[in-house]
1. Please list, in order along region 3-14, the HN-Hα scalar couplings obtained from phi with the Karplus expression 6.51 cos²θ - 1.76 cosθ + 1.60 (θ = phi - 60°), rounded to whole Hz, x for Gly and Pro.
2. Nearest 5 percent is fine: what portion of the DSSP beta bridges confined to the chain is antiparallel?
3. Which length gain, in nm to one decimal place, applies between residue 53 and residue 16 when the Cα-Cα distance is subtracted from 0.36 nm times their residue separation?
4. What accessible area per residue comes out for the chain, rounded to a whole number of Å², with a 1.4 Å probe?
5. Name the residues whose placed amide hydrogens come within less than 5 Å of the amide hydrogen of residue 42, ignoring near sequence neighbours (fewer than 5 apart) on the same chain.
6. Roughly how tilted is helix 80-92, in degrees to the nearest 10 and between 0 and 90, from the longest Cα axis of the chain?
7. For region 123-129, in order, what is each residue's ³J(HN,Hα) by Karplus, 6.51 cos²θ - 1.76 cosθ + 1.60 with θ = phi - 60°, in whole Hz (x at glycine and Pro)?
8. When only C-alpha pairs under 8 Å and at least 6 residues apart count, what is the relative contact order of region 51-138, in percent?
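The values are calculated or read from the model by the stated rules, or taken from the named source; none is laboratory data. Predicted model, so just to flag it, every value in this text is computed and none were measured. For neighbour counting, all protein chains shown are included, and Cβ atoms are generated from backbone atoms with ideal geometry for every residue, glycine included. For accessibility, only protein heavy atoms count, side chains too; no ligands or nucleic acids. Shrake-Rupley method; radii C 1.70, N 1.55, O 1.52, S 1.80 Å.
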Amino acid sequence: MKPRISMITLGVGDIQRSIEFYERGLGFPRMDSPPEVAFFTLNGTWLGLYGRDALAEDAQVGAVSGGFAGFSLAHNVSSEDQVDQVMSQAASAGAVVTKSARKTEWGGYAGYFSDPDGYLWEVAHNPLFWVGPSDKPA
């Protein structure tokens, strides 16, 4: 298996609410797709939104879970100001800020928010090195 993630699909409770959050609230570019699913192009991967029950059925697992899912998604930016801007944008779009942005013990600056379905996003600035594909056009 080659080390890459092609797409992250989130099982959501209300697809329209989640589309609004990611497309209008966070400004993610949405691709054309059938009404029961939504795809967004990210830098280096795609984000998919699919009904939670339908995704569980597709994977042949139970749809019910509770509490912390044991993972978070991360969005790295190039400055502390950008962390604050993204956190504010997410809160304005309806996210719940679970940890306000602050200095970290590893020398960075980061905060967390959860989307309408409780998926955690970390927004971070790492002054030691860049994480992920470049934001600069090729």
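1. Result, ordered by residue: x, 7, 10, 7, 8, 10, 10, 9, x, 10, x, 9 Hz.
2. Looking only at bridges with both residues in the chain, the antiparallel portion is about 60 percent.
3. Extending this stretch completely gives an extra 11.8 nm.
4. That works out to 63 Å² for each residue.
5. Those lying under 5 Å, H to H, from residue 42 are 47.
6. Tilt of helix 80-92: around 30 degrees.
7. Each residue's phi maps through the Karplus curve to give 10, 9, 10, 10, x, 7, 6 Hz.
8. 29 percent
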